[in-house]
Amino acid sequence: MTDEAPLASKNRRAATVEHRRLAERCARGRIVLIDDDAEIVAAFAALLDFEGYACETYPSALTYLQMRSFNQPQFAGPNCVLCDVKMPEFDGLQLQRRLIELDDTPLLLMSGASGAEEAVSAFRAGAVDFLIKPVDDEMLLAAVARALGLSAERQRFFERRTDLAQRMASLTGRERDVLHWVARGEMNRPIAEKLGIALRTVKLHRQRGMEKLGVGTVADLTRIADEGGL
């Protein structure tokens, strides 16, 4: 599962000055803030805005999920969700389970009335932090920074996997066969004998295949082969 921001098809382009400013904030980090307490939402949103983040606010988890169903493009950048646990209809723990199904967006939970059991459940399911209200500003910002760092890491991993998959898909069947054996330490002549092709053909497929994968050494090829399942 992946964060929503890395998907190239969902990235917006900055068309106006206002959009460019929003894009800059999203590049720093986009925080989705969900709480049915309007005062808390206003206070946290002001803090996050002051720190240069993009902040979206929702009065309920259901409202946020309904918005997501429209699949609107977003500016690129790390993102996370900061959600209250105790909410009517659809609470924070339920949202956590839904996010895991969708794209595993990093989640910060907060509550002023939850017990240890809920906190343990949240951490076991992958919550980045479980904040106890009232939340200190510095503690909140530190938790947000950790969540955004995790999001950025997941996005880079997703981008590497996507790029590698595209490079792998560009190989011909014979190039894959040759590189498979090269990555396992075989020399050109034994590969030619295994595949029943000429030595010069092995060399040609080896050269072209490694160029497509963007590798220059057998060590790099071996790493790519392990990662891409060659």
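So between GLU186 and PHE70, what do we pick up on full extension, going 0.36 nm a residue minus the alpha carbon distance? The partial results should precede the final answer.
Numbers: separation 116, 0.36 × 116 = 41.76 nm, distance 5.13 nm.
Residue separation times 0.36 nm, minus the Cα-Cα distance, leaves 36.6 nm.
Before anything else, pin down the relative contact order of the range 107-230: Cα pairs under 8 Å, at least 6 apart, normalised by residue count, whole percent. Present the calculation step by step, with values, prior to reporting the outcome.
On the way: 91 pairs, mean separation 26.1, N = 124.
Worked out over the range 107-230, it gives 21 percent.
Nearest 500 deg cm²/dmol is fine: what mean residue ellipticity at 222 nm does the chain get from its DSSP H runs of n ≥ 4 alone, each adding -39,500 (n - 2.57), divided by its residue count?
-18000 deg cm²/dmol
Looking at the square roots a ≥ b ≥ c of the eigenvalues of the Cα gyration tensor of the range 170-228, which shape do they give, rounded for a/c under 1.5, prolate if a/b is larger than b/c, or oblate? Please list the in-between numbers first.
Numbers: a/c = 1.82, a/b = 1.47, b/c = 1.24.
Because a/c hits 1.5 or more and a/b exceeds b/c, the range 170-228 counts as prolate.
Determine the shape class of the range 122-163: with a ≥ b ≥ c the square roots of the Cα gyration tensor eigenvalues, call it rounded for a/c under 1.5, and otherwise prolate if a/b is greater than b/c, oblate otherwise. It would help to have the intermediate numbers written out before the result.
Values: a/c = 6.43, a/b = 2.10, b/c = 3.06.
Because a/c hits 1.5 or more and a/b fails to exceed b/c, the range 122-163 counts as oblate.
Please report how far the C-alpha centroid of the range 123-182 lies from that of the range 79-122, rounded to the nearest whole angstrom.
Here the answer is 20 Å between Cα centres.
Does the range 73-153 classify as rounded, prolate or oblate by the C-alpha gyration tensor (a ≥ b ≥ c root eigenvalues; a/c under 1.5 gives rounded; else a/b over b/c gives prolate, otherwise oblate)? Intermediate results must be reported in sequence, preceding the final value.
On the way: a/c = 1.78, a/b = 1.25, b/c = 1.43.
It comes out oblate by the Cα gyration axes.
Just want to confirm a number: the relative contact order over the chain, from Cα pairs under 8 angstrom separated by 6+ residues, in percent.
On the way: 318 pairs, mean separation 41.0, N = 230.
Rounded, it is 18 percent for the chain.
Any read-out appearing in this document is the output of simple, stated calculations on the displayed coordinates, not a laboratory observation. What you see is a predicted model; the values in this text were computed from it and never measured.
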